[in-house]
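**Q** I am attaching a structure below and will ask some questions about it afterwards.
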Amino acid sequence: MPSPEQWTHPEPGEGPAAQAAQPSREQVIAGLRNTDAGGAEVTQLLTPEGERIASPQFDRYISDVDPEALRGLYRDMVLVRRADREANAMQRQGQLGIWVPLLGQEAAQVGSGRALKPQDMAFPSYREHGVAYTRGVDFKELLGIFRCTDHGGWDFQAHGFHPYTIVIGNQVLNAAGYAMGQKFEGKVGDDDGEATIVYFGDGATSQGDVHEGFVWAAVYDAPLVFFCQNNQWAISEPTERQSRLPLYQRARGYGFPGIRVDGNDVLACLAVTRWALEECRHGNGPVLIEAFTYRMDAHTTTDDPTRYRLSDELEVWKHKDPIERVRVHLARSGFADQAWFDQIQAEADAFAADLREFCFNMPEPPPERVFANVYAEPSPVLDAQRDEYLSYLAGFVEAGER
Amino acid sequence: MAAPVKSPVDGAVPAMQKLTIGKALNLGLRAAMEADDKVIVLGEDVGKLGGVFRITDGLQKDFGEQRVLDTPLAESGIIGTAVGLAVRGFRPVCEIQFEGFIFPGFDQISSQLAKLHYRTQGKVKVPVVVRVPFGGGIGAVEHHSESPESLFAHIPGLKVVSCSNPADAYWMIQQAIDCDDPVLFFEPKRLYHNGQLKSEVDTTTPPGPLFASRVVRQGTDCTLVAYGPSVKVCLDAAEAAAEEGRSLEVIDLRTISPLDLAPVFESVRRTGRLVAVSEASSESSITSEIAARVQQECFYSLEAPVLRATGFDTPYPPSKLEEHFLPDLDRVLHTVDRAMGW
């Protein structure tokens, strides 16, 4: 690893972000060109052209990734993207109230998610469908949130995947507390130790809760990996509106390592996250990872990115597609042929069709669910409200039957 | 739900002893920590200092820095990490130094603490207690004397309680910690070290369940209902009224959410009159809710409208003026006079 100084020392000439109220078109383009795929400091193991780059620091973290494992990562990303596109389409058809697309962030999510061990806990924001998939949460279980039939009721302990959090940055503090608990219980210190990873975006880094999460994790040495997916845009606000420095460099201010990884490189995301988790498992956490990536679609299906960003930008990032580079690498290395790619695509199509069928047939929750689980202990007041309302509804049924 | 009843360890908690509310809370916390090693205390200055009111005095010395955490200075951090610790299986007891500082933590309380159980269809429990010294009368500067409890009572998923005497302080804190739901525990700071309230506390048997109101003085002419610091004001008012031949019933609400109004309805049906007392501003407050529910349930029993003696709808004033803001014995009696004269 580079020294801590290199982790976080600003490059000469790296100036403050735009001072104007709104970034100009030129500033956006300049920012894009300057950062490109994350600048010189980004950790990359597989180029956009599909070439494997040797890394003295990180190769050992993916020494087990043989051709079969690499095909597995490719398959993960293809399935996740296909399901994401299906859900996006279903929203457009009115079957989902809203969808939060992850297009373009498959490598960041699958790479980091596959780095986790069963004993680890992940705290997502609301776009981490790919991480959910790697934690064994059925993609169908996510759909209820967006079809608005529930708020997300998967078994978080069985999957090591906390419920989604919609308020920006809240989950970072919750994850810090959880990781403190792992430490207090003595679950860190060796290869079998536990760690927590928390996901948030570049916009969230402006939230007080994220700052406080950094402080808490640092002063209690919590085994927590902060995984920031910098997808360049917080709805319509660019990263320049959040920070004067590359986000990973903030870690130095809190006293722990920060590292920027190519968020479109699944191998780099896997390797760097494994390294960070290992640091945490051994009691050397926390660590901040900035996955430098790009949101290829809207923030949500209610958003219109053409109002605030340039098509040039999108075109540049298309060349860095996280799936294509693995595909090229597999093909060039002879690890997969066209028949295999076709087979994966067919599997993805079936995955999506299954998702669609499930979505269309999803039952609406019964009205009593309004009142269920507000409290862990019985609530006579709510029970009475529920009974009265159900009785009221029953009156309508009787009238209809007459 | 009854709190865990445990035998005092080596005389740490004698079966009966005279305690102030502050000392009772301290011993209650100690008993809860002894009963369950998942109970941890966190907040600003709760460790070596024992809290600015010394409620956590000596706990860090006896339970260590991993169970009594002197935290960084940030309320969202205290609540937010407590949520995560609770998800992990701990039972965190947060101390907010003064009620006026709780608002940076309001987001975590309302967005996460109150809703996680509902959101996950009961799969995530967050048994967090947030201790909040509240109310005025201590001659403090701004933000140190407020009564924001109704803001929390309005949030589904939270439970809100307040104690007014040493026995309740000792037991209610343990019962709140034992509760699987998040509890906002409002402590009447001006009564913490009030020697007049010092009384015998039976540390072997809880006086009753946590979420239940209680008649603390019986009377026949008019009912007073209050919670926290205002209970003493009402009891003093009832004492003074008795000297003039008027009989006032006093009910200590104890639980603010869920409101236990059954004893209030029962009392109003006998006395025909109700005065609700609290330091909080009156608009959209607990006393508003009491007035609404009592007129709904006891309409034919009421001889007068439900009246209220409360703080005014102003920010808490500079404390040289707080005697005008806080409903005192005279203002309570004046309100009773209005009810009686209807």
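The values are calculated or read from the model by the stated rules, or taken from the named source; none is laboratory data. This one's a predicted model, so the numbers in the text were calculated from it and none came from an experiment. Backbone-built Cβ (ideal geometry, glycine too); neighbour counts: all protein chains shown. Each accessible area value is taken on the protein alone, full model and side chains, heavy atoms only, with ligands, DNA and RNA left out. Shrake-Rupley method; radii C 1.70, N 1.55, O 1.52, S 1.80 Å.
**Q** Could you tell me the accessible area of B:SER285 in Å² (1.4 Å probe, neighbours in place), rounded to the nearest ten?
**A** Accessible area of B:SER285: about 10 Å².
**Q** About its Cα centre, what dipole magnitude does the protein assembly as shown give when the only charges are +1 on Lys and Arg Cβ and -1 on Asp and Glu Cβ, stated in debye to the nearest 20?
**A** 200 debye
**Q** If you take the charge dipole of chain A about its Cα centre, with +1 on Lys and Arg Cβ and -1 on Asp and Glu Cβ, which of A:GLY193, A:VAL326, A:LEU173 is farthest toward its positive end?
**A** Value: A:VAL326.
**Q** Moving on. Quote the charge dipole size of chain B about the Cα centre in Debye, to the nearest 20; the model charges only the Cβ of Lys and Arg (+1) and of Asp and Glu (-1).
**A** With Lys and Arg at +1 and Asp and Glu at -1, about 740 debye.
**Q** Right, here's the next one. Mind running the shape call on the stretch A:61-193? Use the C-alpha gyration tensor, a ≥ b ≥ c as the square roots of the eigenvalues: rounded below 1.5 for a/c, prolate if a/b tops b/c, oblate otherwise. Present the calculation step by step, with values, prior to reporting the outcome.
**A** Values: a/c = 2.44, a/b = 1.26, b/c = 1.93.
Oblate, since a/c reaches 1.5 and b/c is not below a/b.
**Q** Using a 1.4 Å probe and counting only protein heavy atoms, arrange B:LYS18, B:LYS123, B:LYS159, A:LYS183 so the residue with the most accessible area comes first.
**A** If we order B:LYS18, B:LYS123, B:LYS159, A:LYS183 from most to least accessible, we get B:LYS18, B:LYS123, A:LYS183, B:LYS159.
**Q** At 1.4 Å probe size, with no ligands or nucleic acids counted, give the accessible surface of B:MET340 in Å², nearest ten.
**A** 50 Å²
**Q** Determine the relative contact order of the stretch A:73-137: mean sequence separation of Cα pairs under 8 Å and six or more apart, normalised by residue count, in whole percent.
**A** The value is 37 percent.
**Q** So for the stretch A:25-361, Kirkwood radius off the Cα pairs, Stokes-Einstein at 20 °C and 1.002 mPa s: how many µm² s⁻¹?
**A** It diffuses with D of about 107 µm²/s by this estimate.
**Q** So for B:ARG91, A:ARG75, what's the accessible-area order with a 1.4 Å probe, most first?
**A** Details: B:ARG91 40, A:ARG75 75 Å².
Accessible-area ranking of B:ARG91, A:ARG75, largest first: A:ARG75, B:ARG91.
**Q** Give the separation of the Cα centroids, the stretch B:105-149 to the stretch B:186-231, in Å.
**A** Here the two parts' Cα centres lie 21 Å apart.
**Q** Here's something else I'd like to know. With each run of n ≥ 4 DSSP H residues scored as -39500 (n - 2.57), what mean residue ellipticity at 222 nm is computed for chain A after dividing by its residue count and rounding to the nearest 500 deg cm²/dmol?
**A** Mean residue ellipticity, 222 nm, calculated: -14000 deg cm²/dmol.
**Q** Given only helices, namely DSSP H runs of n ≥ 4 each adding -39500 (n - 2.57), what is the per-residue ellipticity at 222 nm of chain B, to the nearest 500 deg cm²/dmol?
**A** Dividing the helical sum by the residues of chain B leaves -9500 deg cm²/dmol.
**Q** If r is the Cβ-Cβ distance from A:ARG244 to A:VAL381 and R0 is 45 Å, what FRET efficiency results, to the nearest 0.05?
**A** 0.30
**Q** Quick one: which residues, 5 or more positions from A:GLN105 or on another chain, have an amide H under 5 Å from its amide H? H modelled 1.01 Å from N in the peptide plane, none for Pro or chain starts.
**A** A:MET296
**Q** Helix B:262-271 against the longest principal axis of chain B: what's the angle in degrees, Cα atoms only, rounded to the nearest 10?
**A** Relative to chain B, helix B:262-271 is tipped by roughly 20 degrees.
**Q** Describe numerically, in nm with one decimal, the distance between label points set 7 Å from Cα along Cα→Cβ at B:GLN295 and at B:VAL141.
**A** Calculated label separation equals 4.2 nm.
**Q** Pop out the ³J(HN,Hα) list for the stretch A:224-234 in order, Karplus 6.51 cos²θ - 1.76 cosθ + 1.60 with θ = phi - 60°, rounded to Hz; leave Gly and Pro as x.
**A** Going residue by residue, I get 10, 9, 8, 10, 8, 8, 7, 9, 6, 9, 9 Hz, with x marking Gly and Pro.
**Q** Using only Cα atoms, tell me the angle between helix B:21-35 and the longest principal axis of chain B; keep it within 0 to 90° and round to the nearest 10.
**A** Once rounded, the angle reads 40 degrees.
**Q** How compact and how long is the stretch B:180-294, expressed as Rg and Dmax of its alpha-carbon atoms in Å?
**A** 14.5, 46
**Q** Dipole magnitude of the stretch A:25-361 about its Cα centre, charges +1 at Lys/Arg Cβ and -1 at Asp/Glu Cβ only, in debye to the nearest 20? It would help to have the intermediate numbers written out before the result.
**A** Numbers: 34 positive and 49 negative charges, 109 e Å.
Charge dipole of the stretch A:25-361: 520 debye, to the nearest 20.
**Q** While we're here: Which one, B:TRP342, B:ASN194, B:CYS298, is farthest towards the positive end of the dipole of chain B when Lys and Arg carry +1 and Asp and Glu -1 on their Cβ?
**A** Most positive-ward Cα: B:CYS298.
**Q** Turning to a different aspect of this structure: Starting from the Cα gyration tensor of the stretch B:17-68, take the square roots of the eigenvalues, sort them a ≥ b ≥ c, and report rounded, prolate or oblate (rounded when a/c is under 1.5, otherwise prolate if a/b is larger than b/c, else oblate). Before the final figure, lay out each step's value.
**A** Details: a/c = 2.16, a/b = 1.17, b/c = 1.84.
In terms of gyration-tensor shape, oblate.
**Q** Also, I was wondering about something else. Amide H of B:LEU69: which non-local residues (sequence gap of 5 or more, or other chain) have their own amide H closer than 5 Å, using H built in the peptide plane?
**A** Amide H neighbours of B:LEU69: B:VAL41, B:LEU42, B:GLY43.
**Q** Leaving ligands, DNA and RNA out of it, work out the accessible area of A:ILE53 with a 1.4 Å probe and give it in Å² to the nearest 10.
**A** Approximately 60 Å² of A:ILE53 is accessible to the 1.4 Å probe.
**Q** Sort out for me the Cα centre separation of the stretch B:278-315 from the stretch A:310-385, rounded to whole Å.
**A** So the separation of the two Cα centres works out to 51 Å.
**Q** Along the stretch A:119-132, what does the Karplus equation 6.51 cos²θ - 1.76 cosθ + 1.60 (θ = phi - 60°) give for ³J(HN,Hα), rounded to whole Hz, x for Gly and Pro?
**A** 7, 7, 10, 10, 10, x, 8, 10, 10, 8, 4, x, 5, 3
**Q** By how many degrees, 0 to 90 and rounded to 10, does the Cα axis of helix B:329-340 deviate from the longest principal axis of chain B?
**A** Its long axis makes an angle of about 50 degrees.
**Q** Now for a different question. Which order do the peptides B:269-275, A:390-396 take when ranked by the mean count of other beta-carbon atoms within 10 Å per residue, highest first?
**A** Numbers: B:269-275: 21.4, A:390-396: 10.4.
Packing proxy ranking, top to bottom: B:269-275, A:390-396.
**Q** Still on this model: Quick one: of B:LYS123/B:LYS189; A:LYS318/B:LYS125; A:LYS320/B:LYS123; A:LYS183/B:LYS189; A:LYS187/B:LYS115, which pairs are farther than 32 Å apart, Cα to Cα?
**A** Over 32 Å Cα-Cα: B:LYS123/B:LYS189; A:LYS318/B:LYS125; A:LYS320/B:LYS123; A:LYS183/B:LYS189.
**Q** Among B:PHE211, B:SER164, B:ALA176, which residue has its Cα furthest toward the positive end of the charge dipole of the stretch B:152-226, with +1 on Lys/Arg Cβ and -1 on Asp/Glu Cβ?
**A** Of the candidates, B:SER164 comes out farthest on the positive side.
**Q** Report the Cα-based extents of the protein assembly as shown along its three principal axes, largest first, to the nearest Å.
**A** Taking max minus min along each principal axis of the Cα atoms, the protein assembly as shown gives 99, 72, 54 Å.
**Q** Hey, another quick one. Skipping prolines and chain starts, which residues have an amide H placed within reach, meaning under 5 Å, of the one on B:ARG91, given they are 5 or more residues away or on another chain?
**A** Placed amide hydrogens put B:VAL39, B:ILE40 under 5 Å from B:ARG91.
**Q** Going by the alpha-carbon gyration tensor, a ≥ b ≥ c the square roots of its eigenvalues, is the stretch B:222-274 rounded (a/c under 1.5) or, if a/c is not under 1.5, prolate (a/b greater than b/c) versus oblate? Numbers along the way, then the final one.
**A** Details: a/c = 3.98, a/b = 1.35, b/c = 2.95.
Here the stretch B:222-274 falls in the oblate category.
**Q** Given the C-alpha centroids of the stretch A:158-187 and the stretch A:226-281, what is the distance between them in whole angstrom?
**A** Cα centroid to Cα centroid, the span is 18 Å.
**Q** Then there is this: Can you report the principal axis dimensions of chain B using only the alpha carbons, biggest first, rounded to whole angstrom?
**A** 59, 43, 41
**Q** Determine the sum of side-chain charges near B:ILE155: Lys and Arg each +1, Asp and Glu each -1, restricted to other residues whose C-beta is under 15 angstrom from that of B:ILE155. The partial results should precede the final answer.
**A** Working: positive: B:LYS115, B:ARG119, B:LYS159; negative: B:ASP107, B:GLU149, B:ASP181, B:GLU289.
That works out to -1.
**Q** Let me ask something else. Using the Karplus curve 6.51 cos²θ - 1.76 cosθ + 1.60 with θ = phi - 60°, what ³J(HN,Hα) values do you get for each residue of the stretch B:212-226, in whole Hz, with x for Gly and Pro?
**A** 8, 6, 8, 6, 9, 8, 8, x, 10, 8, 7, 9, 10, 10, 7
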